[in-house]
Each structure stands twice: as structure tokens, then as C-alpha cells.
Amino acid sequence: MAIMKKLNSTRVALVLMAILGVAIIAGCPLLPGGSTLLDTIGPSVDLVVPANLATNVVLNTKAFATFSEAMDPSTISTTTFTLQQGTMAITGTVSYTGDTATFTPTADLAASAVFTATVTRGVKDMAGNALAANKVWTFTTGVAPDATPPTVLATLPLPSATGVGVNAHVSATFNEAMDPTTLVAANFTLKLGAAAVAGTVARVGDTMTFTPTAALAGSTLYTATVTTGVKDLAGNALAVLYSWNFTTGVAPDTTPPTVGTTLPLPSATGVAVNAHVSATFSEMMDPLTVTPATFTLKLGAVAVAGTVARIGSVVTFTPTAAMEGTSVYTATITTGAKDLAGNALAAPYSWNFTTGVAPDTTAPTVSSTIPADLATGVDRNLNLSATFNEAMAPLTITTTTVTLKQGLTPVPGTVAYAGTTATFNPTATLGGNTTYTVTITTGAKDLAGNALAADYVWTFTTVPAATGPAPVLLGTSGNYVILAKSAITNVSTSAITGDIGLSPAAQSYITGFALTTATGYATTPEVTGKVYAADQTPPTPAIMTTAISDMELAYTDAAGRPTPDFTELHAGNLGGQTLVAGLYKWAGTVTAPSSFTIDGGANDVWIFQIAGNLTVSNAVIVTLSGGAQAKNIFWQVAGQATLGGTSQFKGIILSQTQITLQTGASLVGRALAQTQVVLQQVTVTGP
């Protein structure tokens with residue numbers, strides 16, 4: 001009877017497969033086209049956390065194993081996923097979510113002890129295929145549990161980045177190993193305004209990457225957010241959600257990355273046997289593509305065991321054990337390494353170095369800083385830097401080890417490392433006349449893993465706070481040194497440094513330049529930059545429309561500023577005057593029959609509201625003193641702005657009508673006109 005039942009069930013199966021159009025070949029059902037229905041490939045463990053041979057692991061950690069495919073949850077249990085200290089089994093619970101199994105110990109692990117995690121061949125995928133062999137890894141605990149929330153250590157693209165490829169991926173790297181079950185799409189979003197962008201999330205170790213389903217829009221601001229749903233191995237959540245913005249460029253990124261600096265240098269000799277190996281790429285790399293499979297180290301033909309870590313454009317290979325002395329090693333990065341847009345290296349990159357006879361045990365030192373310790377009058381927009389006496393491990397130079405504080409209050413910023421120099425770039429302008437403290441902790445290490453002997457601390461004081469109104473926001477119109485709506489005319493030969501643009505008028509209304517048309521722009525020997533117009537190849541027309549709109553908004557902003565500091569000053573005659581920062585207003589024409597001075601600090605702002613014309617006589621020179629900068633000077637002119645022959649003018653001119661630069665005139669600033677710009681053998685340079 002059992003045989004008959006089996007035969008009958010087989011006939012039923014055959015009939016069903018025949019109805020479905022499934023072929024039967026050698027006992028293996030095939031889909032139309034020849035692909036098999038049966039899955040005979042066993043799963044693998046692609047990621048373990050804590051990493052194999054990890055040290056100083058927190059006592060309240062969990063253990064994780066991420067599989068290559070979906071698994072049968074019924075096969076994942078405390079029988080098939082175990083944790084031991086020596087021969088003693090650790091009690092705990094096992095769960096399975098997505099593609100990851102989690103072992104949660106019942107109590108904190110013992111301190112300074114070695115633990116062995118094992119996933120046995122008893123685990124199976126949904127087709128019943130088992131692991132080819134047990135997966136076993138070890139790690140060593142530290143001395144204390146972890147109660148500190150994780151932080152976002154680095155992002156790609158960087159906060160406030162511009163010109164990002166529309167095919168870019170977005171990633172966040174954390175300051176410690178993370179619970180992989182929390183690095184999921186629900187906790188990592190990308191938005192255009194309030195609209196969520198569709199995409200997928202992947203993770204490797206402490207990095208999660210968001211890959212948009214389709215190309216992003218060009219010249220558009222996006223916001224990425226990591227929620228407090230992400231947690232570290234001890235279950236500590238991000239203290240607050242982390243968001244950052246970036247702006248796309250106009251086209252996809254199709255340029256392959258290249259390898260720039262390597263450590264050790266190619267053909268280096270006497271390299272410490274405990275050195276790490278690192279490569280700095282020409283751009284930010286996709287963290288999911290730079291792994292031990294794509295970054296290898298070999299002694300002859302023998303692969304060296306090690307781990308790979310990465311932040312931004314820097315990737316580091318750390319050998320598991322000390323290298324052999326006086327031996328030649330070869331490091332290789334394969335074409336599997338890709339940038340954020342998915343572009344691979346054009347060819348594998350390899351370099352050799354020779355070890356010395358001993359490890360490096362000497363602590364690095366800080367040899368110089370910018371600004372110097374106890375410096376005063378420091379620019380509030382200055383990037384801070386420290387230069388070391390030797391090459392440092394790039395992954396140890398982070399916002400965790402390099403910090404800036406005002407008193408006890410941390411100042412947010414980003415950290416970069418190149419050569420032997422670490423740089424801290426504050427997110428916002430520093431306060432005026434304020435003392436700050438920079439600290440580099442002993443977490444900063446050289447290539448051999450030697451830490452600074454002690455924290456390195458220095459202080460500085462900034463210049464007084466800026467005076468005057470808030471600057472006028474130019475938007476994308478600030479990308480041009482000359483921008484007009486109806487025409488740009490030129491009498492050769494002029495020298496213009498920066499891009500120029502015209503819209504809604506066509507390129508034919510840009511005259512006197514001997515233009516050479518390219519795709520989406522034009523060039524001319526008289527412009528060190530590009531020439532754009534409304535009728536050029538897309539997306540230029542849309543970009544120009546936005547720039548003109550931003551120019552008009554900037555004009556309206558400047559014209560509408562209330563409560564001027566000075567009204568009808570000197571009856572509109574600026575000749576011989578010294579103008580301090582502030583908001584100025586005149587109901588009629590302003591003239592400059594002779595030279596005058598604009599005096600103030602590097603961050604001070606001047607806005608001149610002129611209801612009539614602005615007329616600058618021949619040979620008049622505008623002098624900037626006290627650190628005043630042309631980029632912070634705004635001339636809002638309702639009438640025409642005319643700069644006389646050989647005059648030397650400074651600032652950004654926002655004219656509702658025409659701007660004319662007569663023969664030999666020079667402008668350090670921008671000429672942004674709502675009708676036309678007329679040039680006669682002039683010099684224009686961006687501020």
C-alpha cells in the first residue's frame with residue numbers, strides 16, 4: 001500500500017509538472033528554458049560578529065552569524081548555534097531574523113576570556129541544504145560591559161557635499177561593531193524633501209549602505225537619516241537620530257576610482273613587522289566592496305590572514321599576526337573594489353614592500369599644529385590640523401580621537417587624514433572672541449598600532465564676532481561670476497575667471513567671445529571656466545532657469561532687508577569714505593567719483609541698497625582693509641551699475657537692470673544682472 005501511495009503521488013506530481021510546462025530530465029525537474037527547480041547549493045556564513053579574533057569585546061555582547069541566503073528558522077537553535085568559554089557552554093537564547101542568527105547570552109560574559117562561537121552543519125537553508133562545514137570563530141572579551149550609545153563615525157557622501165553623482169550610494173559607518181539585525185531599511189532612509197526615496201539597505205560589519213532603486217535627480221538636495229533603531233552589540237541604541245544633507249550634480253559618475261597614497265609606500269624597506277597596510281583612494285569607496293576578498297596581502301603566493309576596515313576613501317588591511325622579518329610582501333586591490341556609484345578600479349593595483357627585522361614599539365608624537373597652541377585672532381572659518389612625526393593608521397584618526405570643545409561643550413565637525421596630517425573641519429563657523437580646546441586622544445595610533453603616549457591638547461582664541469547683517473544667500477547663482485537674462489556682450493580681450501551664464505536668452509546672445517560649443521556648455525580663451533546658455537544640451541537649460549530664479553530671490557532678499565544702519569550716508573557720494581560693516585540705504589543714485597575703503601573683519605557683511613544707479617568713475621579703486629572680503633559685500637542696484645574705465649571694484653553686484661564694465665575695469669566679485677552685462681576689455685575674478 002505504501003508503494004502504491006508513493007506511485008500515485010508521483011503520478012500526481014508528474015501531471016502537475018506537465019500542466020505547468022515543467023520538463024523532467026534525469027529525475028530533476030526543470031523550468032521552461034532549462035533552469036532547475038531544485039536548490040542543491042549549501043549556504044555559507046558570510047559575516048560573524050564579533051569578528052574572528054576580535055579583542056576587548058564588551059562583556060554584554062551578543063554573537064551574530066549572517067548567512068548567504070534565507071535559512072530554515074527551525075534549524076537555528078541553541079543546539080546548532082553555541083558559545084563556549086573553553087569547554088564550558090554559555091547559556092543563552094538563539095533567534096533568527098532576516099538572514100542573521102543571534103546568540104544572546106543569559107548573563108554578561110567573563111572578563112578577559114577567550115570565547116568560541118560555533119554554527120554547526122545542523123543549520124539548513126529553505127531547500128534543506130546544510131553548511132559544508134561547521135563555522136567556528138573566537139573572540140576575547142575586555143574588562144567591562146558597554147553602556148555607551150554608538151555614534152555615526154563617517155558618512156558617504158560627506159555632510160553638505162555637492163556635485164554628488166546621481167548614481168551614488170549612501171552609507172554610514174559607526175564607531176563600533178553593530179547589531180546587524182538593526183542595520184536594516186527601516187532604520188536608514190533617504191528623502192527628497194518629505195518624499196522617501198526607494199532603495200535597498202545592505203551592511204558589512206559596522207557600515208550600512210543605502211542603494212537607491214533609480215538614479216537620483218540632478219542638482220537636488222537630499223537628506224539621509226539613521227534612526228535610533230540601530231544598536232551596538234550590547235543593545236545600546238543611537239542616542240539621537242543622525243541626519244545629513246548632500247546635493248547631487250547634473251550627471252552620473254562614470255569615472256573609475258584610482259589608488260593614491262599607500263602605506264607602506266611602494267618599494268618601502270625596513271617596514272615594521274607589526275605594521276598595518278592601507279590605501280587611500282581618489283574618492284569615497286563603497287564600503288561593501290572593499291573586503292578581504294578585494295584587498296589582499298601575500299608573502300610570495302601565500303595569502304596573509306587579516307581583517308579589512310574602511311572609512312571614506314581610506315581602507316586598511318591589518319594582518320592577524322606579525323609579518324615575517326626581512327621579507328617581501330605584495331598588497332593587491334582588485335577590480336572588485338568600487339566607488340559609491342559602482343565604478344570599479346580600471347585594473348588591479350599592486351605594490352610591494354620589505355619588512356625589517358623587528359616590530360615598531362615607539363609611540364608617535366604631534367610635531368606641529370594649526371593654529372599654534374595659545375594662538376589668538378584665529379579665523380573663525382579655519383580648519384584645524386595636527387601633523388604627526390610619522391604616518392598614522394588612518395582609521396584611528398576620527399571624530400572620536402580628534403575633538404574640539406568650547407569649554408565642556410563638544411563642537412561638531414568632520415575629520416580627515418592625509419599623509420601625516422589630521423584635519424578637523426568644524427560644521428559651523430566658530431564663535432567670535434572665544435577660546436577653544438583641541439584634543440587628540442591616545443586612540444590615535446601609528447601604522448604599527450602604537451598609541452600617542454598621552455592625549456595631546458592645545459587651545460586657541462578666535463577673532464571677534466562678525467558685524468553687519470547676515471549675508472545674502474545667492475543659491476546656485478553664486479556658481480557664476482557673470483549671470484544675465486537677455487545678453488552678455490564683450491569687447492575683446494577680457495579675462496574672466498569663473499563660469500558665466502545666460503537665460504532665458506540663447507547662446508547667440510553671448511557675443512564677442514569666439515565661443516566653441518561643447519555638450520551642455522561652450523568655451524572661449526577669454527573665460528577660465530565654462531559658458532552656459534538656455535538653449536544648450538540638457539540639463540543645462542533647467543540648471544540655468546534655477547540660477548536665474550536664485551539670482552532674483554537674492555536681489556529681493558537684499559532689497560528687502562529692514563532697519564538700515566545708515567540712511568542716505570554722505571548723500572550717496574562714497575568718494576574718500578571708509579565704510580564699516582552694516583546695512584546702507586539710499587533712495588537715489590550712488591556715485592564714487594574717487595577711491596574709497598571698505599573696512600572690517602573677514603566675516604563682516606555689507607549690504608548697499610541703492611534705489612537708483614551706481615556710478616563708479618574712471619580709475620576709482622575700492623580698497624578692502626581689516627580682512628574684509630569681497631564675497632561678503634553686496635551691491636543691490638535697482639538701476640544700472642557702471643564701473644568706469646580702469647576702476648578696481650569689489651563685491652557682488654545684484655542689478656535689476658544692466659551692469660557695464662568699461663574699458664580696463666576690474667571686478668573681484670560677481671556681476672549678476674536681470675537684463676544684460678556689458679564688458680569692454682575687462683578683468684572679472686570670482687570672490
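Mind ordering 88-96, 547-555 by average Cβ neighbours within 10 Å, highest first? Spell out each step's value before the answer.
Values: 88-96: 15.2, 547-555: 20.3.
In descending order of packing, they fall as 547-555, 88-96.
So who's got an amide H within less than 5 Å of the one on Asp286, skipping anything under 5 residues away but keeping other chains? H placed 1.01 Å off N, in plane.
Lys338, Asp339, Leu340
May I ask you to evaluate 6.51 cos²θ - 1.76 cosθ + 1.60, the Karplus curve with θ = phi - 60°, for each residue of segment 369-376 and list the ³J(HN,Hα) values in order in whole Hz, giving x for glycine and proline?
Along segment 369-376, the couplings run 9, 10, x, 5, 4, 6, 5, 10 Hz.
So in the chain, what percent of DSSP beta bridges are antiparallel if you round to the nearest 5?
Looking only at bridges with both residues in the chain, the antiparallel portion is about 60 percent.
Pop the C-beta distance of Ala571 and Ser617 into the FRET formula with R0 = 22 Å and round what comes out to the nearest 0.05.
In this case the efficiency is close to 0.85.
Label points 7 Å out from Cα along the Cβ direction at Ala451 and Asp39: separation in nm?
My value for the distance between the label points is 4.5 nm.
Distance in nm between label sites at Asn389 and Ser625, each 7 Å beyond Cα in the beta-carbon direction?
The two pseudo-label positions are separated by 4.6 nm.
If the viscosity is 1.567 mPa s and the temperature 4 °C, what translational diffusion coefficient in µm²/s does Stokes-Einstein give for segment 475-685 when Rh comes from Kirkwood over Cα pairs?
Answer from the Stokes-Einstein relation: 76 µm²/s.
Taking the convex hull of the Cα atoms, report for segment 366-462 its projected area averaged over all directions, in nm².
5.5 nm²
Determine, from the Cβ-Cβ distance of Thr55 and Thr437 and an R0 of 35 Å, the FRET efficiency 1/(1 + (r/R0)^6), rounded to the nearest 0.05.
Computed FRET efficiency for Thr55 and Thr437: 0.65.
With r as the distance between the Cβ atoms of Leu241 and Ala113 and R0 = 35 Å, compute the FRET efficiency 1/(1 + (r/R0)^6) and round to 0.05.
That pair, Ala113 with Leu241, gives E of 0.50.
Which ³J(HN,Hα) values in Hz, rounded to whole numbers, follow from the phi angles of segment 340-351 under the Karplus curve 6.51 cos²θ - 1.76 cosθ + 1.60, where θ = phi - 60° and Gly and Pro get x?
In residue order, the calculated couplings are 5, 8, x, 7, 8, 3, 5, 7, x, 10, 10, 8 Hz.
For Ala132 and Ala375, calculate 0.36 nm times their separation in residues minus their Cα-Cα distance, and state this gained length in nm to one decimal.
81.1 nm
Restricting to Cα pairs below 8 Å that are 6+ residues apart, what does the relative contact order work out to for the chain? Please round to a whole percent.
Relative CO of the chain lands at 7 percent.
Could you state the angle between the C-alpha long axis of helix 540-560 and the longest principal axis of the C-alpha atoms of the chain, as a value from 0 to 90 degrees rounded to the nearest 10?
It works out to around 60 degrees.
Amide H of Val491 versus every other amide H placed in the peptide plane: which residues, excluding those fewer than 5 positions away on the same chain, fall under 5 Å?
Residues meeting the criterion, in which the H sits 1.01 Å from N, are Leu679, Gln680, Gln681.
Based on the inverse mean of 1/r over its pairs of different Cα atoms, what is the Kirkwood hydrodynamic radius of segment 236-314, in Å?
For segment 236-314, inverting the mean 1/r across all distinct Cα pairs yields 15.9 Å.
In whole Å, largest first, what are the principal axis extents of the Cα atoms in segment 45-141?
That works out to 40, 23, 22 Å along the principal axes.
What is the distance, in nm, between label points placed 7 Å from the Cα along the Cα-to-Cβ direction at Thr683 and at Thr162?
Computed distance between label sites Thr683 and Thr162 equals 2.5 nm.
Based on the mean of other Cβ atoms within 10 Å per residue, sort peptides 140-149, 97-106 so the most packed one is first.
97-106, 140-149
Return the sequence-ordered ³J(HN,Hα) values of segment 89-99 in whole Hz as given by the Karplus equation 6.51 cos²θ - 1.76 cosθ + 1.60 applied to θ = phi - 60°, using x for Gly and Pro.
Those phi angles translate into 6, 8, 7, x, 10, 10, 10, 9, 9, x, 10 Hz.
Between (i) 216; (ii) 180; (iii) 146, which matches volume of the Cα convex hull per residue in Å³ calculated for the structure shown?
Checked against the structure: label (i).
FYI, it's all coordinate maths here, none of it is from the lab. Keep in mind the model is a prediction, meaning the values are calculated, not measured. Cβ atoms come from the backbone with ideal geometry, glycine included; neighbour counts cover every protein chain shown.
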